[in-house]
Amino acid sequence: MEKTRTSASSWSAQLRSLLNRLASEVGHPLRIAVIGIGNQFNGDDAAGVLVVRTLQKKLNQSDHLLLIEGGTAPENVTGRLRRFRPQVVVMVDSAEMGRSAGSVMLVEVEALDGLSASTHTLPPSVLAEFLQRELGCRVVLLGIQPETLEFDAPLSVPVKKAVIHISRALSRMFGEPS
């Protein structure tokens with residue numbers, strides 16, 4: 001697969017297309033895991049965790065959907081992922097992409113190198129490559145451009161809007177009303 005970073009306006013269409021393509025390949029509903037990554041005490045770094053918390057309120061986990069708060073050490077949830085056996089893992093995390101705050105990009109695993117996520121124990125690229133290799137699943141990152149990652153800072157307005165937008169889009173994508 002080629003390296004891909006989609007624009008903020010097309011990330012949901014790109015993700016939907018990927019999920020539809022993979023579902024048609026396997027011939028049954030996909031097993032999808034969504035992992036929210038980040039530090040809830042470091043301003044916009046909380047974005048990934050907040051997306052998953054919002055989804056947990058809206059969606060029912062099932063045999064085909066697993067929602068996990070990975071926090072600052074998402075590698076600690078690999079046991080749950082192994083038991084769930086996902087075909088797709090969507091990591092949601094703040095990522096320095098050189099864009100305006102609140103911008104969202106869908107990033108394929110091969111294009112993760114160079115994205116900064118310094119508050120985590122492992123870079124997203126290392127975790128994604130491990131998951132692909134060990135679980136045989138597809139991994140993508142929904143990156144959210146932060147405005148501030150300072151300790152005890154509130155979520156910025158642009159990132160708060162991105163969290164709401166992503167939560168609504170993923171809720172619709174996974175079949176539940178937003």
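The values are calculated or read from the model by the stated rules, or taken from the named source; none is laboratory data. None of the values given here were measured: they were computed from a predicted structure. Please note: Cβ atoms are built from the backbone with ideal geometry, for glycine as well, and neighbour counts cover all protein chains shown. Just so you know, the surface numbers come from the protein's heavy atoms only, side chains and all, with ligands and any DNA or RNA stripped out. Shrake-Rupley method; radii C 1.70, N 1.55, O 1.52, S 1.80 Å.
Data table
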quantity	calculated
Ile37 accessible area, assembled protein chains, probe 1.4 Å, Å²	0 Å²
Mean Cα-pair separation over length for the chain, i.e. relative contact order, pairs under 8 Å, 6 or more apart, %	30 percent
Protection proxy ranking, peptides 14-21, 69-76, average beta carbon neighbours within 10 Å, highest first	69-76, 14-21
Cα-based helix-to-principal-axis angle, 47-58 vs the chain, degrees rounded to 10	50 degrees
Structure-based [θ]222 nm, the chain - -39500 (n - 2.57) summed over DSSP H runs of at least 4, per residue, nearest 500	-11500 deg cm²/dmol
Angle between the chain longest axis and helix 11-26 axis [Cα atoms, degrees, rounded to 10]	20 degrees
On Cα atoms only, tilt of 124-135 relative to the major axis of the chain in degrees	20 degrees
Cut-off under 5 Å, modelled amide H: who pairs with Leu66 long-range	Ile32, Ala33, Val34
Other-chain or far-sequence residues with amide H under 5 Å of Glu96's (modelled H)	Ser116
